[in-house]
Ligand SMILES: Cc1ncc(COP(=O)(O)O)c(C=O)c1O
């Protein structure tokens, strides 16, 4: 047989497991992401979502793979997303959409000025089109106007927290099952991750239920520890389970088997949140420093450092722990000083404030 005729396995684990499902997908990331043991922390393993792409990685790449696949299937090349000034999703969209010949843009609202967020905002403004709002209060009106004035353009909600976005992470759960099956790590008893929009957590809940249903997960069910980084009610237990159930319903609707969410798998941790979204916490800084010293992937102060703090506090949980490295570790492209010189004065002031907050922290 001619070797050139052997089909390559599909890069998306959901379509590898269930090739007859009808799920839009474009390839943006390099999957599967590695699983690495971090013996200095005991039975801790890292899911290297941070390295999901050399362009820009992190957990949002899986969300974008299904949502941008949907946009392209609908014949839309103009895509908008919404998020905070330092949004990883907005930056990922802007840096990846070019390879798909799409025209991305972001509507961004103010947040706490931190070095991590400032770095992202500078990259977003240097390489893409963004409308920066002066206040989050004006966001609903902007979003509504965008929908009304551009009905043919594709709009991605904050975090891509819709069932189709979460299906990207259903694929991640099936990927874990494959990796555990071939011995990359022992079956995880715990999966630990930051929860912002609920998309990733909901997808993992639905994905492990699906893996169990298709007999790809013969091991004990893990507990998913979702560490809150955005306020209630966005990350309330009810909202997480609502998206997980909607994602589970999407599976048979797209040609897969019926799946039932098991709420007992979810444990929500609220005490690492601190004073608010993107507020730097002492425990988070300590976790980021510990990871740095160990040569582990970077933990950003908004998201991964807070889940890192939970991981360190719960070091004596029995069984293997799989830590979801959600923040991209790819180097950012250089800023464009000319573009940054042209941004509105209130953005310049915000960037300056982030710098002074850096020296203070
Ligand atoms: C670095 C990082 N970690 C974790 C999350 C939380 O993921 P989700 O919004 O899917 O809950 C995000 C969301 O933007 C993120 O950017």
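The values are calculated or read from the model by the stated rules, or taken from the named source; none is laboratory data. These numbers were taken from a predicted model, which means no experiment stands behind them. Note: ideal-geometry Cβ built from the backbone for every residue, glycine included; neighbour counts use all protein chains shown.
The residue pairs whose first member lies in the range 155-169 and is free of Cβ contacts under 8 Å to residues at least 60 places away in the same chain, whose second member is crowded, with 23+ Cβ neighbours inside 10 Å and assigned to a helix (DSSP H, G or I), and whose beta carbons are closer than 6 Å, counting only pairs six or more residues apart or on different chains, do not exist in this structure.
Assess whether residue 166 counts as being out of contact with any strand residue (DSSP E or B) (no Cβ under 7 Å at 6 or more places or on another chain), in the same structural domain as residue 260 (by TED's automatic domain parsing) and within 15 Å of the ligand (Cβ to nearest atom). Yes: the conditions hold for residue 166.
Select from the range 250-259 the residues that are part of a helix (DSSP H, G or I), surrounded by fewer than 24 Cβ atoms within 10 Å (Cβ to Cβ) and in contact with a helix residue (DSSP H, G or I) (Cβ under 7 Å, 6 or more places away or on another chain) and list them in ascending order. Correct list: 250 only.
Reported count of residues in the range 286-324, each being crowded, with 16+ Cβ neighbours inside 10 Å and either at pLDDT below 95 or in a helix (DSSP H, G or I) (or both), is 12. Looking across the range 208-243 at every residue that is crowded, with 21+ Cβ neighbours inside 10 Å and out of contact with any strand residue (DSSP E or B) (no Cβ under 8 Å at 6 or more places or on another chain), the one that is farthest from residue 182 (Cα to Cα) is identified as 243. The strands (runs of 3 or more DSSP E) located wholly in the range 5-110 that include 1 or more residues which are crowded, with 24+ Cβ neighbours inside 10 Å occupy 44-47, 78-84, 103-109.
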